[in-house]
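Some notes on the structure that comes next.
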């Protein structure tokens, strides 16, 4: 998960050192003088920050795809990403490389030479850009959480299925590399190795900023902040709740509810996704939700901090999320337990807690629980590398390991938990209808009122004849 060379390169570039950073003109011409010799998938990277730089590296290392363009509302980030991609291909022996640089993702989607896009923007933009990409006929890799709201997730699923494009969600715990513990643990549960599944305990920690809250400040000339806000409420610019201007460190928008719902969707989307597959509910969801949470109360950082959530799923399975639990997923059954997590590595210093005391990322009450499964066992689709799985799925026109039909359900479960946090009372969820039972207030929170109609996924669907 660490890319020292890339991070150092981009950090140096964003620092604005004389001679190091050249802001190219917005690209409008042909991407390459000659066609790609191997008919590679032509990919554009939309969002070039902390997650986007890692996602772009994931595409750069593929042989069946090629990064041909980058897009970011911060021109410094776009320029640094383009320079990094160009340098990558030059090191492979290419004499002349030109990466397209865009500010507006709509121009990316209008370019017929681009086959697919990687969407690594802040959470409040995921659904909007992905819906627009699907309508434009582009294949999509979109970071988790799939969308900001339940309504956006449903809209995206509708657009992807209608346009028959391939969407992979960045739920990398579904692929063996770099987090190998989740597959054997969830497959053991799905195949009855711990007996009847009774309880799932999930820890995703909290993410609370430290230091003094930022104050309004002038918008940098290289950032289109008005566009960056998108559907979020009108508000003054603060670097501390957007993203750093001189590196690609952890951004402040993560802790502001207008841009993301907090750790319940940030890490929750990862672990809920695995848990639902393990219990056979990858196309289902909870029946009831009871949640309590504390929220940051200043007007800058506003997401939840401590929380406790209890959900009941079909087959009398209780799922409990609590920030005091070790980061990971603990499955408890009538005949034993199994636990899985990512391991000791942290993506950043503020990521949640890791295995305590050097404990293994994969452990069980009995070694037999994790012994090899039989040929007829229920298994995840094969996927070693998440990006490679997406590219192969696009080229073969088949469903990837993290398809929209299932990631929409993971998002819904996380979002119902968040709604329970806000309302602080028991809620009943109808997974088949994707709505709360007899609760207008809770149902209203399935969607948001965007700042402008152009930022409404329902408007996008209507214009495309898909409403």
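The values are calculated or read from the model by the stated rules, or taken from the named source; none is laboratory data. Worth saying up front: this structure is predicted, and the values here are computed from it rather than measured. Glycine gets a Cβ as well: all are built from the backbone with ideal geometry, and neighbour counts include every protein chain shown.
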Exactly one of 410, 405, 393, 447 is within 30 Å of residue 297 (Cα to Cα), in a helix (DSSP H, G or I) and modelled with pLDDT of 95 or more, and that one is 410
Subset of region 65-98, residues out of contact with any helix residue (DSSP H, G or I) (no Cβ under 9 Å at 6 or more places or on another chain) and in a helix (DSSP H, G or I), comes to 75, 78, 82, 86, 90, 91
Note: among 248, 264, 329, just one is in contact (Cβ under 8 Å) with a residue 60 or more places away in the chain and assigned to a strand (DSSP E or B), namely 329
Being assigned to a loop (DSSP other than H, G, I, E, B), over 25 Å from residue 382 (Cα atoms) and either in contact with a strand residue (DSSP E or B) (Cβ under 6 Å, 6 or more places away or on another chain) or free of Cβ contacts under 8 Å to residues at least 60 places away in the same chain (or both) narrows 226, 257 down to just 257
- Query: In region 412-421, is there at least one residue being over 24 Å from residue 171 (Cα atoms) and either surrounded by 23 or more Cβ atoms within 10 Å (Cβ to Cβ) or assigned by TED's automatic domain parsing to the domain that holds residue 295 (or both)?
  - Reply: no
From the option list 147, 155, 185, 136, single residue qualifying as in contact with a helix residue (DSSP H, G or I) (Cβ under 8 Å, 6 or more places away or on another chain), modelled with pLDDT of 95 or more and surrounded by fewer than 23 Cβ atoms within 10 Å (Cβ to Cβ) is 136
Listed by first then second residue, the pairs whose first member lies in region 373-395 and is within 14 Å of residue 186 (Cα to Cα), whose partner is surrounded by fewer than 17 Cβ atoms within 10 Å (Cβ to Cβ), with beta carbons under 6 Å and at least 6 positions apart or on separate chains, are 373/191; 377/191; 378/191
Looking for something buried (at least 23 other Cβ atoms within 10 Å of the Cβ) and under 22 Å from the mean Cα position of the chain (by Cα) - is there at least one such residue anywhere in region 359-382?
no
**Request:** Would you check if there is a residue in region 182-205 being assigned to a loop (DSSP other than H, G, I, E, B) and under 18 Å from the mean Cα position of the chain (by Cα)?
**Result:** yes
Of the residues in region 383-404, those that are out of contact with any strand residue (DSSP E or B) (no Cβ under 6 Å at 6 or more places or on another chain) and surrounded by 14 or more Cβ atoms within 10 Å (Cβ to Cβ) come to 383, 386, 387, 388, 389, 392, 393, 395, 399, 401, 403
Log entry, pairs with first residue in region 59-77 being assigned by TED's automatic domain parsing to the domain that holds residue 168, second being surrounded by fewer than 19 Cβ atoms within 10 Å (Cβ to Cβ) and in a strand (DSSP E or B), beta carbons closer than 7 Å, six or more apart or on different chains, reads none
Of (1) part of a helix (DSSP H, G or I); (2) in contact (Cβ under 8 Å) with a residue 12 or more places away in the chain, residue 454 satisfies every one except (2)
Assess whether residue 80 counts as being more than 21 Å from the chain's Cα centre (by Cα) and farther than 15 Å from residue 55 by Cβ.
no
When restricted to 442, 415, the only residue within 18 Å of residue 256 (Cα to Cα) and either in contact with a helix residue (DSSP H, G or I) (Cβ under 8 Å, 6 or more places away or on another chain) or in a strand (DSSP E or B) (or both) is 415
